[in-house]
Amino acid sequence: MRLIILGGGESGVGAALLGQAKGYEVFLSDRSLLKPAYRDTLSAAGIAFEEGQHTETLILNATEVIKSPGIPDTAPLVVKLRAQGIPVISELEFAARYTRAKLIGITGSNGKTTTTLLTYHLLKTAGLNVGLAGNIGESFAKQVIEDRFDYFVLEISSFQLDGMYSMRLDTAVLLNITPDHLDRYGYDFGQYVASKFRITQNQRPQDTFVYFLENSPTVQEMAKNPPVAQALPISLETPVPVGGYAINGQLTTHFGDQTYTDTLAELPLKGPHNALNMLAAVLAAQSVGASANAIRSGLRSFENAAHRMEPVATIDGVQFINDSKATNVDSVFYALSSMNAPTIWIAGGQDKGNDYSQLDGVVAQHVKALVCLGKDNQKLIDYFSGRIATIADTHSVQEAVQQAIALAQPGDVVLLSPACASFDLFRNYEDRGEQFKKTVNSIVNAQ
């Protein structure tokens, strides 16, 4: 059994180690250079690998191939493999074969990292023996070698879902579907929707499926292909009898004979998008038996990951918030919706075919000025001219922060919520967020 791994990042190296542990002949190939730590891990394990190239004669004789989620299905090598009938799967699909753990999988165009981390935190607080993996943290495959957890909470991207076939989730969460990554789906939104719905495949009637009732692409797809699992809607508008809702400042869930209620104002995660994330996480925790007391304690002690509505500092009465992870319009909609003060909005970067019209209402309600941050801000400037009274055009974090300070008054908020990818000026969204925080904090320290 010859197992080929394409891509030598966290998931690829983990899959190589698991493959070796299960008796496969393993070869890893990465067209780029490997990080030194991954190169050392493979060498120490005696796993054959190449970097800086894909040698087809060493790859096309595979029994099975595990592909990095970053490699598109349209890559010529992947097309050749499939033409030869060689299965091409994801690391998650491979690892799921070798675990006895119950699996909670979370996907969505927005909110999946926060919801995954929160669900994991709720299960840990409840005393459950739980691991964290998927599109976050340590490789699922690597953790499955010892397989010492009873539960795994998995953040799953659409690219990972595309390589999943027989894997089944005991609890599946689909937070929302909004246009994103359409360049990987032939600019066909229907293909992207179908990809997200792979999270429900193979589920049984005793499994659970959490979904957002007000997300029309999700509801439309469910009407065409009803899920087999118990469907648990979450809503910001309707008090559903089964599932959960956040209405009038109260969070409520109903699962089986369990009901949970809490007051949103007392919880650390703010805004309507985080109300949905909390509803999904609570239902996921209830689905594996977490108690109301554990959930209550977990919700209050949770600290979100960096770059997601992260408070940075307050300068002369102006609050600065880092939401660099907001790389699409839908994320920004929720961020602006949660603002309760006049907002100087910093946005821009590498546009992904954004339609800014869905922001018209929240911009009119919350935004007093727009500071554009990117190499080419013309699309933002053209769209919001006439909609936002003051627009500044900047090309560095330092310049953007200085412009924001000049435009702000005590009581205002400066929100970095870009709506765009970061790759024009930054390595990634983390780099963008870290530079923003560093710039803001340098001003604080200079005072």
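Have a look at GLY85, GLY70 and point out the one that is modelled with pLDDT under 95 and either within 30 Å of TYR192 (Cβ to Cβ) or small (Gly, Ala, Ser) (or both).
GLY70
Looking at (1) in contact with a strand residue (DSSP E or B) (Cβ under 7 Å, 6 or more places away or on another chain); (2) surrounded by fewer than 21 Cβ atoms within 10 Å (Cβ to Cβ), can you tell me which one SER301 breaks?
(1)
Those residues that are outside any loop (DSSP other than H, G, I, E, B) and either outside the structural domain of ASN377 (by TED's automatic domain parsing) or closer than 16 Å to ASN322 by Cβ (or both), I need them from segment 405-430; list them, please.
ILE405, VAL413, VAL414, LEU415, LEU416, TYR429, GLU430, listed by residue number.
Given the condition among the charged types (D, E, K, R), assigned to a strand (DSSP E or B) and over 22 Å from TYR151 (Cα atoms), answer yes or no: does some residue in segment 218-239 qualify?
No; the residues of segment 218-239 include none that is among the charged types (D, E, K, R), assigned to a strand (DSSP E or B) and over 22 Å from TYR151 (Cα atoms).
One line per residue, one yes/no per condition, for (1) hydrophobic (A, V, I, L, M, F, W, C); (2) surrounded by fewer than 19 Cβ atoms within 10 Å (Cβ to Cβ); (3) without any contact (Cβ under 8 Å) to a residue 12 or more places away in the chain:
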site	(1), (2), (3)
GLN191	no, yes, yes
ILE199	yes, no, no
GLU214	no, yes, no
PRO233	no, no, no
GLN258	no, yes, no
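Using the structure shown, decide if ALA421 is under 19 Å from ALA306 (Cβ atoms) and of a type in the set (A, V, I, L, M, F, W, C).
yes
Could you list, in sequence order, the residues of segment 327-381 that are surrounded by 20 or more Cβ atoms within 10 Å (Cβ to Cβ) and acidic (Asp, Glu)?
ASP330
Could you please find all residues in segment 46-76 being touching a strand residue (DSSP E or B) at 6+ places or on another chain (Cβ under 9 Å) and within 28 Å of LEU154 (Cα to Cα)?
Passing the criteria: ILE47, PHE49, ALA62, THR63, GLU64, VAL65, ILE66, LYS67, SER68, ILE71, ASP73, ALA75.
Could you name every one of the strands (runs of 3 or more DSSP E) located completely within segment 305-358 that has at least 3 residues being closer than 14 Å to LYS437 by Cβ?
Because the criterion is at least 3 residues that are closer than 14 Å to LYS437 by Cβ, the strands (runs of 3 or more DSSP E) in segment 305-358 that meet it are 310-315, 318-322.
The values are calculated or read from the model by the stated rules, or taken from the named source; none is laboratory data. Every value quoted in this text rests on a predicted model; they were computed, and no experiment measured them. For neighbour counting, all protein chains shown are included, and Cβ atoms are generated from backbone atoms with ideal geometry for every residue, glycine included.
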